[in-house]
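Chemist: My structure is below; once you've seen it, I'll send some questions.
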Amino acid sequence: MDIAKLTTELDQIERRVEDALPTLRSIDELRRFEAEILGKTGPLSAFVKAIKDFPADQRGQVGQTVNSRKNRIEARLGTHRDALQQQAAGAEQQAAASFDPTLPGEWREMGSVHPVTAVQWEIERIFVRLGFTIEAGPEMESEFFNFEALNIPGDHPARDMQDTFWLKNGMVLRTHTSPVQIRAMHKFGAPLRTLVPGRCFRYETLDASHECTFHQVEGLMIDRDISIANLIALSKTLLSEVMHREVELRIRPGYFPFVEPGIEIDMNCQICGGRGCPTCKHSGWVEILPCGMVHPNVLRAGRIDPTQWTGFAFGLGLTRLAMMKYGIRDIRVLNAGDLRPLVGAQRLAGAIIRE
Ligand code: DAH
C-alpha cells in the first residue's frame, strides 16, 4: 500500500462517519457504530497494524496521518455523544416539569363483598366445620323437583303458598332452595349432611320486606337417629354465631308439606331489639328459620328408605338474616344499583372476611 491509497481510504472512512452521524439517534446506536469503526476488528485498527509494513523512512509520516485521522473521528463521535446526552436529559426534565404532584388523584371505587355473600360465607364456614358439604342446584327448575318431589302435588293448595314464575318451557324459576334436597339425596344417598345456599324467585309485589328475588340457605341432615332436638340446638348455635351475640329464639308449629312435624323458628328482631318496628311488623320477632323433620314421602322421592333413616331440613332466610345483621331496613336496597346505602354494611362485611 502506498501513502496516496492510504489517504484515500482514510477519506472514505471519514465520509462514512459523517454520513452516519445524523442517523445515530441514541447513545446505544452510537456505541454500536463506534465499535464498528474504532473497534479491534474495524478498519482503523487495520491501518494502525499496517504502519509497520511501510518502509522505515515513511513510517513516521504514515503513523502521524493514521493517528490524526483517528483522533478526528473520535472527536466527531464524542461531540455527537454529548449532543445526544443533552437531548435525553432535556426530555427527562420536560417530563418532570409537566408532572404536577398537586393534581387530585384519580378516584377509584373500592369493591367489597355484598352483605348477603358475606353472611353466606360465614354460614358455610360454620357448617363445613360440622361436616356438611356445600351444594348448588339450578335456578331454572322442573316442576318435579320444585314441587312434586317435595310432597306438593299439582292440586295441592300449598302451591299457592309460593307465588311462582312459570316459564314458557314448563319449567319454573325455583321458589326455594328445597329442590336441591332431592338432588343431593339422588347424588349422595344416606347418611347425608349438606348445605345449599342459593337464589330464589317469587312473583311478589315489592315492598320493604318483599323482593322477587332473594337468597336462602337450605340445610339437610339425614342419619340414623336424628331428632328435632338436634335441629333446635343447631339453630340456636348457628344464629348466635352469625349474629356474634346470644339471640333469643321462639319456636312455633308451622306447616310445610315437605316436613312433618314442621316448625317455625323466629329470632328476636335485631333491628329494634324486640321492641317492635316496621321490619318485624311491630311484633318484635322475625321468621328466620322454617324447618322440620323430613317427610317420608320426600325421603322416598330422594330414593332413601324412611324406615331406615330420618332427617331434618331447614330453609334459612339468608337475605333476611343479612338485613338483620347489618341493620338494613329495606330489602330493595340489596339489589338496587345505588351502592351508597350498602357502603356501611359493606365495610362490616369486609371486616368479617378479614377475620
Ligand atoms: N322452602 C321453604 C320456603 O321457601 C322453607 C323451608 C321450610 C325449607 C321448611 C325447609 C323446611 O327445608 O324444612 O318457604
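Chemist: Largest first, what is the accessible-area ranking of Lys236, Lys168 with a 1.4 Å probe?
Modeler: Descending accessible area places them as Lys168, Lys236.
Chemist: Also, quick follow-up: Each label point is 7 Å from the Cα along the Cα-to-Cβ direction; what then is the distance between the points at His156 and Asp53, in nm?
Modeler: The two pseudo-label positions are separated by 10.8 nm.
Chemist: Still on this structure, I have one more. Which whole-Hz couplings ³J(HN,Hα) result when phi for each residue of the stretch 279-294 is put into the Karplus expression 6.51 cos²θ - 1.76 cosθ + 1.60, θ = phi - 60°, listed in order with x for Gly and Pro?
Modeler: 4, 9, 6, 6, 9, x, 10, 10, 6, 10, 9, x, 6, x, 8, 4
Chemist: For the stretch 18-34 and the stretch 189-226, write down the distance between their C-alpha centroids in whole Å.
Modeler: Result: 74 Å between the Cα centres.
Chemist: For the stretch 68-129, which chymotrypsin sites (Phe, Trp or Tyr not before Pro) pass both filters: DSSP loop (anything but H, G, I, E, B) and at most 13 other C-beta atoms within 10 Å?
Modeler: Those that pass, being in a loop and sparsely packed, are Phe99, Trp107.
Chemist: Let me ask something additional. Less than 26 Å apart at the alpha-carbon level, and either on another chain or at least 8 residues along: which lysines does that give for Lys281?
Modeler: Reachable lysines: Lys236, Lys325.
Chemist: Sum up the charges of everything whose Cβ sits under 12 Å from the Cβ of Leu249, counting Lys and Arg as +1 and Asp and Glu as -1, but leave Leu249 out.
Modeler: So the environment of Leu249 carries a net charge of -2.
Chemist: Then there's this: Ranked from highest to lowest mean number of other Cβ atoms within 10 Å per residue, what is the order of the peptides 186-192, 157-163?
Modeler: 186-192, 157-163
Chemist: Dipole size in debye (nearest 20) for the stretch 3-98 around its Cα centre, Lys and Arg Cβ +1, Asp and Glu Cβ -1?
Modeler: Approximately 300 debye in magnitude.
Chemist: Same structure, new question: Nearest 5 is fine: what % of DSSP beta bridges in the chain come out antiparallel, could you say?
Modeler: Beta bridges within the chain, antiparallel portion: roughly 95 percent.
Chemist: Leaving out same-chain residues fewer than 8 places away, which aspartates and glutamates sit with a Cα under 12 Å from that of Lys70?
Modeler: Asp11, Glu14, Glu34
Chemist: Also, quick follow-up: 5 Å is the cut-off here: which amide hydrogens, built 1.01 Å from N in the peptide plane, fall below it relative to Thr133, excluding neighbours closer than 5 in sequence?
Modeler: For Thr133, the qualifying residues are Arg193, Thr194, Leu195.
Chemist: Next up: For the chain, give me every cysteine whose Cβ has no other Cys Cβ within less than 4.7 Å, ordered by residue number.
Modeler: Cys200, Cys212, Cys291
Chemist: Going by alpha carbons, how many degrees (0 to 90, nearest 10) lie between the helix axis of 115-129 and the longest principal axis of the chain?
Modeler: 80 degrees
Chemist: In terms of modelled amide H atoms, which long-range or inter-chain residues lie less than 5 Å from the amide H of Gln270?
Modeler: none
Chemist: Using θ = phi - 60° and the Karplus form 6.51 cos²θ - 1.76 cosθ + 1.60, what ³J(HN,Hα) does each residue of the stretch 20-33 get, whole Hz, x for Gly and Pro?
Modeler: With coefficients 6.51, -1.76 and 1.60, one gets 6, 3, x, 8, 8, 9, 9, 4, 4, 4, 4, 4, 5, 5 Hz.
Chemist: Let me ask something additional. Based on the mean of other beta carbon atoms within 10 Å per residue, what is the order of 305-312, 258-265, 5-12, most packed first?
Modeler: Ranking, from highest mean packing down: 258-265, 305-312, 5-12.
Chemist: I want the local charge near Phe99. Using Cβ-Cβ distances under 15 Å, sum +1 for each Lys or Arg and -1 for each Asp or Glu among the other residues.
Modeler: -3
Chemist: Next question, about the same structure. Relative to the longest principal axis of the C-alpha atoms of the chain, give the angle of the C-alpha long axis of helix 228-243, reported between 0 and 90° and rounded to the nearest 10°.
Modeler: The angle comes out near 40 degrees.
Chemist: With a probe of 1.4 Å, find how much accessible area the chain has per residue, and write the answer as a whole number in Å².
Modeler: In whole numbers, the chain has 55 Å² accessible per residue.
Chemist: Between the stretch 139-175 and the stretch 36-110, what is the C-alpha centre distance in whole Å?
Modeler: Result: 83 Å between the Cα centres.
Chemist: Report, in deg cm²/dmol and to the nearest 500, the calculated mean residue ellipticity at 222 nm for the chain, where each DSSP H run with n ≥ 4 adds -39500 (n - 2.57) and the sum is divided by the residue count.
Modeler: For the chain, the value works out to -14000 deg cm²/dmol.
Chemist: Excluding Val196 itself, calculate the net charge of residues whose Cβ lies under 9 Å from the Cβ of Val196, where each Lys or Arg counts +1 and each Asp or Glu counts -1.
Modeler: -1
Chemist: Let me ask you something else. Which of Ser68, Ser209, Ser142 moves most in a GNM of the chain, Cα contacts under 10 Å?
Modeler: So, out of Ser68, Ser209, Ser142, the one fluctuating most is Ser68.
Chemist: Further question: Sort 69-79, 145-155 by packing, meaning the average of other beta carbons within 10 Å per residue, with the highest value first.
Modeler: Result, highest mean first: 145-155, 69-79.
The values are calculated or read from the model by the stated rules, or taken from the named source; none is laboratory data. Because the structure is predicted, anything quoted here is derived from the model rather than measured. Heads up, the Cβs are rebuilt from the backbone with ideal geometry, glycines too, and the neighbour counts pull from every protein chain shown. In case anyone asks, the SASA skips ligands and DNA or RNA and just uses the protein heavy atoms, side chains included. Shrake-Rupley method; radii C 1.70, N 1.55, O 1.52, S 1.80 Å.
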